[in-house]
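The values are calculated or read from the model by the stated rules, or taken from the named source; none is laboratory data. Model, not experiment: these values are computed from the prediction. No Cβ is skipped: glycine too gets one built from the backbone with ideal geometry, and neighbour counts run over all protein chains shown. Please note that ligands, DNA and RNA were not included when accessible areas were found on the heavy atoms of the full protein model with its side chains. Shrake-Rupley method; radii C 1.70, N 1.55, O 1.52, S 1.80 Å.
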Amino acid sequence: EELEKWIEEMKKIAAENDRLEVALHNLGQVLYYSPEDEDGLWIDRAVAEILNKSDAEQIREGYSISAYNSVGVVTIDKEGTVWLELEEKWTKRAKDVELQFFRFAQTLRELAKQYHDQAERERDSWN
């Protein structure tokens, strides 16, 4: 509840200063670092609820950007192994939340597809 109040205030201030889109993307990037939920879900449920809201597309985009950019340095191989493992990780995470947070789950599936596509590009570069 406190987080939601803070977000509403942040939106108000950002909108007044013509910075709402940037603020929402940045919020999503920060939410990527949220801890797991007390019940063991890989993401805090309050954060997942925020990311699942119908008007949170820009927040989800920011989250996805942080997730993709968090990979860091990887070892390249003929099979795109690192990218395929990441695709599997994010596909599983999407399945874990899809019943409660379907919009957020869709964003995670799109992220998994980006990793799959990167693996394909890596495989193609070896041929």
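For segment 49-60, does any single residue satisfy the condition of being β-branched (Val, Ile, Thr), under 16 Å from Gln114 (Cβ atoms) and touching a His at 6+ places or on another chain (Cβ under 9 Å)?
No, that holds for no residue.
To keep it simple, each residue is scored yes or no on (1) open to solvent by 40 Å² or more (accessible area, probe 1.4 Å); (2) farther than 14 Å from Leu31 by Cα; (3) of a type in the set (D, E, K, R); (4) out of contact with any Cys (no Cβ under 8 Å at 6 or more places or on another chain).
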{"site": "Ile59", "(1), (2), (3), (4)": "no, no, no, yes"}
{"site": "Ser66", "(1), (2), (3), (4)": "no, no, no, yes"}
{"site": "Ser70", "(1), (2), (3), (4)": "yes, no, no, yes"}
{"site": "Thr81", "(1), (2), (3), (4)": "yes, yes, no, yes"}
{"site": "Leu86", "(1), (2), (3), (4)": "no, yes, no, yes"}
{"site": "Gln100", "(1), (2), (3), (4)": "yes, yes, no, yes"}
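How many of the residues making up segment 84-127 are in a helix (DSSP H, G or I) and touching a Lys or Arg at 6+ places or on another chain (Cβ under 6 Å)?
Residues meeting the conditions: 3.
List the residue pairs whose Cβ atoms are under 8 Å apart, where the first residue sits in segment 85-100 and is under 14 Å from Ala112 (Cα atoms), the second is in a loop (DSSP other than H, G, I, E, B) and at pLDDT below 95, and the two are 6 or more positions apart or on different chains.
Once the first residue is under 14 Å from Ala112 (Cα atoms) and sits in segment 85-100, its partners that are in a loop (DSSP other than H, G, I, E, B) and at pLDDT below 95 give Leu86/Val71.
Among the residues of segment 24-76, which ones are touching a Phe, Trp or Tyr at 6+ places or on another chain (Cβ under 7 Å) and on the phi > 0 side of the Ramachandran plot?
Within segment 24-76, none qualify.
Tell me yes or no: at least one residue of segment 49-59 is in contact (Cβ under 8 Å) with a residue 24 or more places away in the chain, of a type in the set (Val, Ile, Thr) and farther than 30 Å from Arg121 by Cα.
Scanning segment 49-59 turns up at least one residue that is in contact (Cβ under 8 Å) with a residue 24 or more places away in the chain, of a type in the set (Val, Ile, Thr) and farther than 30 Å from Arg121 by Cα.
Collect the residues in segment 1-47 that are surrounded by fewer than 18 Cβ atoms within 10 Å (Cβ to Cβ), aliphatic (A, V, I, L, M) and assigned to a helix (DSSP H, G or I), keeping them in residue-number order.
Correct list: Leu3, Met10, Ile13, Ala14, Ala15, Leu20, Val22, Val30, Ala46.
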